[in-house]
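*Asks:* One structure, pasted below without further comment.
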Amino acid sequence: MIDYALYFAFACFGIGQLFCLYRVVIAPGVSDRVLALDTMTINMIALLTLFGILHGTAMYFEATLLFAMVGFVSTVSYAKFILRGDVIE
């Protein structure tokens, strides 16, 4: 039964990834694209976690943590670049 729930969650997050990818390509402004990329990062974290649950290994959870840290830093730095024009002061 848990396998069916995991596959359903994979489908839901996969569809969410596709919608976010569409928003990255077809967005009116740069801030909308940054928000869509951040949402894609969150969806990818969820997909990696589900994949780790499905295979029963902790290696994917470590990859999830690394992906979350890199995604957070990249989102903050890109938002700072949009606001000020440079990242390093």
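Values in this text are rule-based calculations from the coordinates and carry no lab data. Since the model is a prediction, treat every value here as computed from it, not as a measurement. Every residue, glycine among them, receives a Cβ derived from its backbone with ideal geometry; neighbour counts consider all protein chains shown.
*Asks:* How do the peptides 37-44, 6-13, 56-63 rank, highest first, by the average count of neighbouring beta carbon atoms within 10 Å per residue?
*Replies:* Taking the mean over residues of other Cβ atoms within 10 Å, the ranking is 37-44, 6-13, 56-63.
*Asks:* Using the charge dipole of the chain (Lys, Arg: +1 at Cβ; Asp, Glu: -1 at Cβ; taken about the Cα centre), state which of 70, 39, 11 has its Cα farthest towards the positive end.
*Replies:* It is 39, whose Cα lies furthest towards the positive end.
*Asks:* Taking the Cα centre of segment 2-84 as the origin and placing charges on Cβ (Lys, Arg +1; Asp, Glu -1), which of 79, 48, 61 is farthest toward the positive end of the dipole?
*Replies:* About the Cα centre, the residue reaching furthest to the positive side is 79.
*Asks:* Please give the charge dipole size of segment 2-84, origin at the Cα centre, charges +1 on K and R Cβ atoms and -1 on D and E Cβ atoms. Round to the nearest 20 debye.
*Replies:* 360
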